[in-house]
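Comments concern the structure below.
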Amino acid sequence: MKTPLATAIGGTMVWYERREPWEQKPFDARSPGDVDYARIIHSASFRRLQGKTQILNLGDSDFYRTRLTHSLEVAQIAAGLATQLTHNLPDHPAIGYLPERSMIQAIACTHDLGHPPFGHGGEVALNYCMRDAGGFEGNGQTLRILSKLEKMSKNAGSNLTRETLLGVLKYPIPFSLARNAEIAPSLLPDTSGTPLLNRKASRPPKCYLDCEQQLVNWLLDPLSPADRIAFQEQNEGRKAAEGIEPEHNAAKHKSFACSIMDLADDISFGIHDLEDVLAMRLVSREQFERHVTPEKCEALLDFLNTNYPSQYGNDVHDGLTTRLFGSGNERKHQINRLVNFVIPQVSIEEVGDLEEPRIRYRAILPSGVMKFVKAIKDFVKKEVIYSPGVQHLEFKGQMMVIAVFEVMKSDPKSFLPSDVFSRYEADGSLRAICDYVAGMTDSYLLKTYDRLFSPRLGSVFDKL
């Protein structure tokens, strides 16, 4: 079955190959992207996102976004960005290498699959737990879920196309190379008898896990040797010095499709999570104005003044802020306008030292637009995510993740469910325990913790 993309690139189908042979039935009219999208939407790991924290703790309210609703919004925005690129730049040579709409949505829907319970806090905790066993990183876990842990094939997980997996590979460098050896996950010293996680030292590098090296080798096989080397280049992180904290190494490149997904994630994280914190009244107008200044949203103010003349008064920034902190109806209108300001301005840049179009091109936003997106992302991070109210809960979640992991590790046969223990025996490493804990929803991790540590909770009849 030919698809528009296959025709556009001269009929080559190597990027539609799956790691495990799969023959599509003659009556099945779906494209490769349709198949991949269906496999993601119907996967257990995607459904579990409804029980994983986005920013606020589940159970505090039924209004705000979870990882599942966030992922659906990222998929919608990613599809919109791809459509906009085709509209803005119909003759650009990169357009023929845009994955079809269903494939873009599949890529976007996967982007948070690997996040463990309690979000980035849980990620840091699991990286500490796996400090001597290959580490842990949420994006790397996503690739592992799709290539091994999902059960839609015999030995290849979801068995997605090479094209989709290239879009999922957000950081094309392995943990062992991304990691700065000067940064060692650890507990804090001198904490008066209570072991506490050193959260800064335990943050993982952005990477894929070394245990997925064979998959990445297969994934990048169509690239020329020069492209393969260049695509996996990294920027070396800072080394420790007086007054300077060391950094992990960082990947330099990502694929065209991945750059669209990444932009969509930034837009959703900034604009839609802003809507949540405004609706929940977690921030003040003064805090907003301190971070999202007129200078940082100059391009947005010009857009509003041009497209909605006289609606915001002489001070457009003040008029916008008043509406964002106004009624729910007014706030929703402004959020829609922010999205309509950002998405139509998407463009394409070229990385000259790469030959394969799928990795040579990248979706970008103009500097003025990106400055605004960064400002609202930083605002949400600093005033909400890093606030004591959220940090208390994140810290508690981290310590529960470590406690549950350590119990499972102490006696796997006694504490792991039988199917997980079978994988542990077959694997011979802690990775199977890590997979089990990482796959838990917030509520399942909490129930497991209570069952293990709370004297009055837990029953022999509990289903593990």
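The values are calculated or read from the model by the stated rules, or taken from the named source; none is laboratory data. Computed from a prediction, not measured in an experiment: that's the story for all the values here. Cβ sites come from the backbone with ideal geometry, for glycine too, and all protein chains shown count toward neighbours. Surface accessibility is based on the protein's heavy atoms, side chains included, excluding ligands, DNA and RNA. Shrake-Rupley method; radii C 1.70, N 1.55, O 1.52, S 1.80 Å.
Exactly one of these conditions fails for Asp132: (1) acidic (Asp, Glu); (2) within 30 Å of Ala201 (Cβ to Cβ); (3) open to solvent by less than 10 Å² (accessible area, probe 1.4 Å). Give me its number.
(3)
If Thr321 meets every condition in (1) polar (S, T, N, Q); (2) open to solvent by less than 50 Å² (accessible area, probe 1.4 Å); (3) farther than 30 Å from Gly389 by Cβ apart from one, which number is that one?
Only one criterion in (1) polar (S, T, N, Q); (2) open to solvent by less than 50 Å² (accessible area, probe 1.4 Å); (3) farther than 30 Å from Gly389 by Cβ is unmet by Thr321, namely (3).
Looking for something at pLDDT below 95 and either open to solvent by 10 Å² or more (accessible area, probe 1.4 Å) or of a type in the set (A, V, I, L, M, F, W, C) (or both) - is there at least one such residue anywhere in the stretch 117-128?
Looking for residues that are at pLDDT below 95 and either open to solvent by 10 Å² or more (accessible area, probe 1.4 Å) or of a type in the set (A, V, I, L, M, F, W, C) (or both), one finds at least one in the stretch 117-128, hence yes.
Which number in (1) modelled with pLDDT under 90; (2) touching a Ser or Thr at 6+ places or on another chain (Cβ under 9 Å) marks the one condition that Met261 misses?
Evaluating Met261 over (1) modelled with pLDDT under 90; (2) touching a Ser or Thr at 6+ places or on another chain (Cβ under 9 Å) leaves (1) as the failure.
Just to confirm my filter: which helices (runs of 4 or more DSSP H) fall fully inside the stretch 64-155 and include at least 3 residues that are of a type in the set (S, T, N, Q)? Walk me through it before giving the result.
Numbers: elements: 67-88, 101-110, 119-129, 138-144.
Answer list for the stretch 64-155: 67-88, 101-110, 138-144.
What residue, among those in the stretch 361-373 that are in contact (Cβ under 8 Å) with a residue 40 or more places away in the chain and outside any strand (DSSP E or B), is nearest to Tyr97 (Cα to Cα)? Quick ask: steps written out before the conclusion?
As a first pass, look at the stretch 361-373 and keep what is in contact (Cβ under 8 Å) with a residue 40 or more places away in the chain: 361-366, 368-369, 371-373.
Those left that are additionally outside any strand (DSSP E or B): 365-366, 368-369, 371-373.
Working: Leu365: 19, Pro366: 21, Gly368: 27, Val369: 25, Lys371: 28, Phe372: 29, Val373: 26 Å.
Among those residues, the one meeting the criterion is Leu365.
Within the set of pairs 6+ apart or on separate chains, which have a first residue in the stretch 235-250 that is within 16 Å of Ala184 (Cα to Cα), a second that is part of a strand (DSSP E or B) and at pLDDT 90 or above, and C-beta atoms under 8 Å apart?
Gly237/Ala250; Asn249/Gln234; Asn249/Asn235
Since Asp276 meets every condition but one in (1) of a type in the set (D, E, K, R); (2) open to solvent by 60 Å² or more (accessible area, probe 1.4 Å); (3) at pLDDT below 95, which condition does it not meet?
Against the list (1) of a type in the set (D, E, K, R); (2) open to solvent by 60 Å² or more (accessible area, probe 1.4 Å); (3) at pLDDT below 95, Asp276 comes up short only on (2).
Answer with yes or no whether Arg358 is assigned to a helix (DSSP H, G or I) and either of a type in the set (Ser, Thr, Tyr) or within 22 Å of Pro99 (Cα to Cα) (or both).
On the way: assigned to a helix (DSSP H, G or I): yes; either of a type in the set (Ser, Thr, Tyr) or within 22 Å of Pro99 (Cα to Cα) (or both): yes.
Against the criterion (assigned to a helix (DSSP H, G or I) and either of a type in the set (Ser, Thr, Tyr) or within 22 Å of Pro99 (Cα to Cα) (or both)), Arg358 qualifies.
Output the residue which, of all residues in the stretch 352-391 that are of a type in the set (Asp, Glu) and surrounded by fewer than 16 Cβ atoms within 10 Å (Cβ to Cβ), is nearest to Leu196 (Cα to Cα).
Initial filter on the stretch 352-391 (of a type in the set (Asp, Glu)): 353, 355-356, 378, 383.
Filter again for surrounded by fewer than 16 Cβ atoms within 10 Å (Cβ to Cβ), leaving 353, 355, 378.
Details: Asp353: 45, Glu355: 48, Asp378: 27 Å.
Taking the candidates together, the pick is Asp378.
Pro412 passes all but one of (1) at pLDDT 90 or above; (2) open to solvent by 60 Å² or more (accessible area, probe 1.4 Å); which number fails?
(2)
Filter the stretch 240-262 down to residues that are aliphatic (A, V, I, L, M) and open to solvent by less than 40 Å² (accessible area, probe 1.4 Å) and give me whichever is farthest from Leu338 (Cα to Cα).
Let us first name the residues in the stretch 240-262 that are aliphatic (A, V, I, L, M), namely 240-241, 244, 250-251, 257, 260-261.
So of that shortlist, the ones also open to solvent by less than 40 Å² (accessible area, probe 1.4 Å) come out as 251, 257, 260-261.
Numbers: Ala251: 30, Ala257: 23, Ile260: 18, Met261: 18 Å.
Going through the qualifying residues, I end up with Ala251.
Quick test for you: out of Arg358, Arg323, Arg281, Arg362, pick the one residue that is on the phi > 0 side of the Ramachandran plot and either touching a Gly at 6+ places or on another chain (Cβ under 7 Å) or of a type in the set (D, E, K, R) (or both).
Working: Arg358 fails: on the phi > 0 side of the Ramachandran plot; Arg323 fails: on the phi > 0 side of the Ramachandran plot; Arg362 fails: on the phi > 0 side of the Ramachandran plot.
So the residue among Arg358, Arg323, Arg281, Arg362 that is on the phi > 0 side of the Ramachandran plot and either touching a Gly at 6+ places or on another chain (Cβ under 7 Å) or of a type in the set (D, E, K, R) (or both) is Arg281.
Scan the stretch 171-193 for residues that are part of a loop (DSSP other than H, G, I, E, B), open to solvent by less than 40 Å² (accessible area, probe 1.4 Å) and in contact with a strand residue (DSSP E or B) (Cβ under 8 Å, 6 or more places away or on another chain) and jot them down.
Let us first name the residues in the stretch 171-193 that are part of a loop (DSSP other than H, G, I, E, B), namely 171-173, 179-185, 188-193.
Next, from what is left, pick out any that are open to solvent by less than 40 Å² (accessible area, probe 1.4 Å): 172-173, 180, 183, 185, 191.
Hits for the stretch 171-193 are Pro172, Ile173, Pro185.
Filtering the stretch 44-62 down to residues that are aliphatic (A, V, I, L, M) and part of a loop (DSSP other than H, G, I, E, B), which residue is modelled with the highest pLDDT? Please lay out each step first, then the result.
If we filter the stretch 44-62 for residues that are aliphatic (A, V, I, L, M), which is where we start, we get 44, 49, 55-56, 58.
Filter once more, keeping what is part of a loop (DSSP other than H, G, I, E, B): 55-56, 58.
Working: Ile55: 59, Leu56: 52, Leu58: 43.
This residue is Ile55.
Yes/no matrix, rows are residues, columns are (1) more than 30 Å from Arg362 (Cβ to Cβ); (2) of a type in the set (Asp, Glu); (3) not in a loop (DSSP other than H, G, I, E, B):
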| site | (1), (2), (3) |
| --- | --- |
| Ile267 | no, no, yes |
| Leu274 | no, no, yes |
| Leu282 | yes, no, no |
| Glu286 | yes, yes, yes |
| Arg290 | yes, no, yes |
| Ala299 | no, no, yes |
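Of the conditions (1) over 30 Å from Ser147 (Cβ atoms); (2) of a type in the set (S, T, N, Q); (3) in a helix (DSSP H, G or I), Gln311 fails just one. Which one is it?
(3)
Taking only the stretch 425-444 into account, find how many residues are within 28 Å of the chain's Cα centre (by Cα) and either in a loop (DSSP other than H, G, I, E, B) or at pLDDT 95 or above (or both).
Residues of the stretch 425-444 within 28 Å of the chain's Cα centre (by Cα): 427, 429-444.
Next, from what is left, pick out any that are either in a loop (DSSP other than H, G, I, E, B) or at pLDDT 95 or above (or both): 429-441.
Of the residues in the stretch 425-444, 13 are within 28 Å of the chain's Cα centre (by Cα) and either in a loop (DSSP other than H, G, I, E, B) or at pLDDT 95 or above (or both).
Could you please let me know if Asp265 is within 30 Å of Leu177 (Cβ to Cβ) and surrounded by 15 or more Cβ atoms within 10 Å (Cβ to Cβ)?
Details: within 30 Å of Leu177 (Cβ to Cβ): yes; surrounded by 15 or more Cβ atoms within 10 Å (Cβ to Cβ): yes.
Spelling it out, Asp265 is indeed within 30 Å of Leu177 (Cβ to Cβ) and surrounded by 15 or more Cβ atoms within 10 Å (Cβ to Cβ).
Give Glu330, Glu394, Glu349 a once-over and let me know the one that is of a type outside the set (A, V, I, L, M), open to solvent by 30 Å² or more (accessible area, probe 1.4 Å) and in contact (Cβ under 8 Å) with a residue 40 or more places away in the chain. Full working, then the answer.
Values: Glu330 fails: in contact (Cβ under 8 Å) with a residue 40 or more places away in the chain; Glu349 fails: in contact (Cβ under 8 Å) with a residue 40 or more places away in the chain.
Within the list Glu330, Glu394, Glu349, the selection yields Glu394.
Just need a number here: residues in the stretch 201-239 that are open to solvent by 60 Å² or more (accessible area, probe 1.4 Å) and either closer than 22 Å to Ile104 by Cβ or in a loop (DSSP other than H, G, I, E, B) (or both).
Of the residues in the stretch 201-239, 7 are open to solvent by 60 Å² or more (accessible area, probe 1.4 Å) and either closer than 22 Å to Ile104 by Cβ or in a loop (DSSP other than H, G, I, E, B) (or both).
Mind checking whether some residue in the stretch 404-426 is among the polar types (S, T, N, Q) and within 26 Å of Lys200 (Cβ to Cβ)?
The initial filter retains those residues of the stretch 404-426 that are among the polar types (S, T, N, Q), namely 410, 414, 418, 422.
Checking the rest, the ones that are also within 26 Å of Lys200 (Cβ to Cβ) come to none.
No; the residues of the stretch 404-426 include none that is among the polar types (S, T, N, Q) and within 26 Å of Lys200 (Cβ to Cβ).
Go through the stretch 247-265 and give me each residue that's of a type outside the set (D, E, K, R) and either part of a helix (DSSP H, G or I) or over 25 Å from Arg101 (Cβ atoms) (or both).
Restricting attention to the stretch 247-265, the residues satisfying the condition of being of a type outside the set (D, E, K, R) are 248-251, 253, 255-261, 263-264.
Across the stretch 247-265, the qualifying residues are His248, Asn249, Ala250, Ala251, Phe256, Ala257, Cys258, Ser259, Ile260, Met261, Leu263, Ala264.
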